[in-house]
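Some notes on the structure that comes next.
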2 protein chains.
Amino acid sequence: MADRATLEELVRLQGERVRALKQQKAGAEQIEEEVAKLLKLKAQLGPDEGKQKFVLKTPKGTRDYSPRQMAVREKVFDVIISCFKRHGAEVIDTPVFELKDFDIAGQFDPMIPDAECLKIMCEILSSLQIGDFLVKVNDRRILDGTFAVCGVPDSKFRTICSSVDKLDKVSWEEVKSEMVGEKGLAPEVADRVGDYVQQHGGVSLVEQLLQDPKLSQNKQALEGLGDLKLLFEYLTLFGIADKISFDLSLARGLDYYTGVIYEAVLLQPPAQAGEEPLGVGSVAAGGRYDGLVGMFDPKGRKVPCVGLSIGVERIFSTVEQRLEALEEKVRTTETQVLVASAQKKLLEERLKLISELWDAGIKAELLYKKNPKLLNQLQYCEEAGIPLVAIVGEQELKDGVIKLRSVASREEVDVRREDLVEEIKRRTSQPLCIC
Amino acid sequence: MADRATLEELVRLQGERVRALKQQKAGAEQIEEEVAKLLKLKAQLGPDEGKQKFVLKTPKGTRDYSPRQMAVREKVFDVIISCFKRHGAEVIDTPVFELKDFDIAGQFDPMIPDAECLKIMCEILSSLQIGDFLVKVNDRRILDGTFAVCGVPDSKFRTICSSVDKLDKVSWEEVKSEMVGEKGLAPEVADRVGDYVQQHGGVSLVEQLLQDPKLSQNKQALEGLGDLKLLFEYLTLFGIADKISFDLSLARGLDYYTGVIYEAVLLQPPAQAGEEPLGVGSVAAGGRYDGLVGMFDPKGRKVPCVGLSIGVERIFSTVEQRLEALEEKVRTTETQVLVASAQKKLLEERLKLISELWDAGIKAELLYKKNPKLLNQLQYCEEAGIPLVAIVGEQELKDGVIKLRSVASREEVDVRREDLVEEIKRRTSQPLCIC
């Protein structure tokens with residue numbers, strides 16, 4: 001196997017190649033092929049140091065954004081990167097594409113890293129607060145086993161797979177007509193496939209299929225179902241089983257997946273009671289690709305890999321649309337508090353106080369005027385979206401307190417100076433929210 | 001004045017131009033000219049919305065770095081960006097150069113924004129923990145006034161200024177010989193200049209020069225000294241006056257500064273007691289450039305600006321050299337705790353615990369094995385630099401506690417499960433350190 005530096009260089013070059021193809025608007029198939037090569041190279045980077053998790057960081061600064069767009073992007077990136085870091089990722093700086101990757105490479109006990117990947121997806125989508133979501137899960141071996149027991153000829157597996165994958169967008173009738181009319185599948189075979197792939201549910205569906213007279217006779221399907229059962233156990237321990245839907249129609253386009261596959265979709269509220277929630281497209285996806293590294297290794301050793309990608313561009317536009325619909329003002333600064341004064345001749349006291357706040361890590365501003373009017377100071381907070389005002393006044397100085405005002409509610413309370421930092425931290429410690 | 005979008009586009013294009021020149025290794029003078037144009041454009045962006053603070057974010061992803069280098073870079077950027085944000089900056093994504101800028105544009109009471117710029121420089125350099133530093137401060141008007149009262153002809157101001165600026169690297173004798181020999185200054189004029197520019201000190205030097213029989217007769221010098229006196233008052237309130245040295249030889253190369261100028265240098269410990277600490281070069285610099293916007297505004301309105309730049313490339317190499325000298329291992333992940341088990345059959349308990357920790361925002365890992373050996377788990381922590389291990393054991397589960405082990409000291413204490421998150425946060429909440 002090539003040394004690490006060479007591999008890193010190869011990953012970089014391949015990343016550039018993919019990016020160039022995307023810029024040239026090359027065909028999807030060609031891009032897919034080159035992405036597959038990139039993933040192979042990335043997978044090879046994996047086993048060198050045992051456990052490997054890495055993040056491909058999207059290049060910042062290759063386009064220009066307005067401060068508003070930058071604020072949205074920064075917050076989305078913050079959510080994703082801090083989640084990846086919470087799960088032990090290291091960051092690799094490689095100018096690849098507009099997505100964020102997290103991969104775990106190495107030989108491990110089944111389904112533990114896979115469950116972590118699903119946990120990461122759920123953590124990120126919950127933190128982003130972009131509405132309800134669902135993660136569809138399937139296993140390549142279950143799909144293959146299903147095709148086999150239904151009588152799909154081996155040579156048609158791939159093409160039937162891509163028909164099945166369309167079931168989230170079009171009706172079964174249309175999918176069936178494509179299978180039969182365009183792809184030459186016998187109608188009764190198509191119907192048998194249809195009976196399986198239209199099912200979705202939780203762990204009980206996994207258990208039901210483990211008892212299925214036909215599927216349980218297929219070695220591949222059985223392995224896949226067994227792993228999914230274990231996966232659901234871990235997902236229950238991780239507290240996310242209710243976000244996961246075992247969906248037999250999920251196929252994922254790329255050929256290199258070998259085991260569990262998954263795709264997260266945002267849900268919109270149903271138009272009418274009783275209707276199924278409508279998916280607005282995939283915002284994250286991934287799966288297991290155990291076979292890739294073996295293709296490159298002279299000794300043919302395989303290195304298991306499982307990973308996920310976050311579709312940040314789709315998330316950005318979702319967040320931006322959402323903010324526009326809500327007519328939300330996007331803050332372009334993060335200032336927590338404005339240090340203000342109610343009377344004249346208090347510049348020195350404002351400077352002393354703001355210095356204390358900066359030194360304690362509080363994001364604070366003041367107006368650069370010797371004697372600003374209180375009204376102007378409050379107006380500035382409204383415009384800049386600063387939530388708190390710390391007001392220095394003569395009486396308060398004598399009493400050893402600072403008046404802390406909430407800009408939204410206009411409520412004011414006296415806070416002891418030594419408690420001010422904690423109180424500001426407490427009031428501004430809401431979880432990161434995009435809006 | 002052009003509209004904001006046009007200006008932003010002009011800033012972007014000019015930034016690219018500067019970058020291209022730097023890549024082509026163009027002459028310093030040409031680069032300086034183009035940087036000046038860039039600053040003018042940036043200054044114009046300022047007054048549109050009153051108070052404006054912005055950060056030019058360096059493009060990430062334009063080069064490739066190793067995980068180790070990336071970890072160092074990320075930490076340095078984190079320190080700088082979080083300091084800028086603490087001071088109310090908004091981020092502009094513009095691929096410019098390898099430095100970070102913070103600017104305050106607008107008409108304000110004297111020296112308040114200037115003092116904040118110096119506070120920002122001190123906060124960043126302290127947080128980076130790259131050794132002792134000093135910020136030299138001077139004022140362009142004091143320099144000009146000094147030259148005038150010493151009898152330097154107007155036409156020679158700029159060239160004499162650039163000689164004076166060399167005093168931090170070469171001796172006065174050499175500077176004088178350049179002034180007299182190369183630049184045709186009368187020796188007695190040079191000597192008079194030398195008497196002034198070799199002085200440095202604190203606010204007492206400002207007060208002394210305010211009484212200087214010659215300087216106090218010069219309107220420009222008097223204005224500059226008056227402002228510096230006010231500046232020192234604010235710096236004292238900010239608690240950083242001891243880091244600031246009023247240095248009459250500081251000239252800064254660029255022509256566009258109009259008032260206070262400053263430059264931060266890292267100090268090395270003196271080779272022998274009594275020797276002056278030796279500067280290892282400028283790592284941050286800036287000043288006031290009030291005249292720039294007027295040149296572009298059809299009505300000739302001037303918009304005051306003050307700003308600073310952090311020399312991140314120099315800081316990176318300083319940090320990297322330092323780490324190499326210390327033979328420090330650079331962590332490439334930020335994991336705070338490994339969730340481990342002492343006995344077999346505790347995978348489920350490990351998964352439950354790690355999920356609790358992730359949900360509480362703790363950076364946690366576990367080995368992806370059903371029954372890993374405790375020794376292997378501890379070894380993994382040593383290799384990956386993970387400071388804490390949370391050990392699940394049968395007895396501990398019964399007692400409602402988790403054993404928390406410090407990897408460095410090998411000390412173990414039982415922590416009540418409901419207190420574990422707080423205890424991990426407490427133990428890993430050291431201020432951000434590069435090493």
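Peptide A:358-364 has a mean of 5 when you count, residue by residue, the C-beta atoms of other protein chains within 10 Å of its C-beta. For residue A:173, inter-copy separations between label points set 7 Å beyond Cα along the Cβ vector come to 10.1 nm, shortest first. In terms of the mean number of neighbouring beta-carbon atoms within 10 Å, the peptides B:151-159, B:327-335 order highest first as B:327-335, B:151-159.
In this model, which of B:398/B:425; B:25/B:85; A:100/B:37; A:369/B:119; A:136/A:156 are farther than 26 Å apart at the alpha-carbon?
On the way: B:398/B:425 24 Å; B:25/B:85 33 Å; A:100/B:37 37 Å; A:369/B:119 17 Å; A:136/A:156 24 Å.
Beyond 26 Å between Cα atoms: B:25/B:85; A:100/B:37.
Assign one of three labels to the stretch B:323-435, namely rounded, prolate or oblate, based on the Cα gyration tensor with a ≥ b ≥ c the square roots of its eigenvalues; rounded applies when a/c is under 1.5, prolate when it is not and a/b is larger than b/c, and oblate otherwise. In terms of gyration-tensor shape, prolate.
Heavy-atom accessible area buried between chains A and B is around 5900 Å² (1.4 Å probe, both sides summed).
Between residue B:21 and residue A:399, the FRET efficiency estimated from the beta carbon spacing at R0 = 56 angstrom works out to 0.45.
Normalised by the number of residues in the stretch A:101-252, the average gap of Cα pairs under 8 Å and 6 or more apart makes the relative contact order 41 percent.
Mind checking the mean number of beta-carbon atoms from other chains within 10 Å of the Cβ atoms in B:329-336? Can you show the working numbers first?
On the way: counts 0, 0, 1, 5, 9, 7, 7, 2.
Mean number of neighbouring Cβ atoms from other chains: 4.
Take every pair of alpha-carbon atoms less than 8 Å apart whose residues are at least six positions apart; their mean separation over the length of the stretch A:301-420 yields a relative contact order of 22 percent.
Here each label is just a point 7 Å from Cα along the line to Cβ, and for residue A:345 and residue B:344 those points are 8.1 nm apart.
Largest to smallest in accessible area, the residues B:127, A:341 fall in the order B:127, A:341 (1.4 Å probe, all protein chains included).
With 0.36 nm allotted per residue and the present C-alpha distance subtracted, the residue A:418-residue A:204 stretch has 71.4 nm of extension available.
The calculated FRET efficiency for the pair residue A:426 and residue A:359, based on their C-beta separation and a Förster distance of 22 Å, comes to about 0.75.
Write out the trypsin sites (Lys or Arg not before Pro) in the stretch A:368-435 meeting two conditions: DSSP loop, and at most 12 other Cβ atoms within 10 Å of their Cβ.
Values: sites: A:369, A:370, A:373, A:398, A:403, A:405, A:410, A:416, A:417, A:425, A:426, A:427; in loops: A:369, A:370, A:373, A:410.
When the trypsin sites (Lys or Arg not before Pro) of the stretch A:368-435 are filtered for loop state and at most 12 Cβ neighbours within 10 Å, A:410 remain.
Full extension of the chain between residue A:33 and residue A:217 yields a length gain of 62.8 nm, computed as 0.36 nm times the residue separation minus the alpha carbon distance.
Shown for residue A:159: label points 7 Å from Cα along the beta-carbon vector, and their distances to the equivalent points in the other copies, 8.3 nm in ascending order.
The values are calculated or read from the model by the stated rules, or taken from the named source; none is laboratory data. None of these values were measured; they are calculated from a predicted model. Glycine gets a Cβ as well: all are built from the backbone with ideal geometry, and neighbour counts include every protein chain shown. Only protein heavy atoms, including side chains, enter the accessible area calculation; ligands, DNA and RNA are left aside. Shrake-Rupley method; radii C 1.70, N 1.55, O 1.52, S 1.80 Å.
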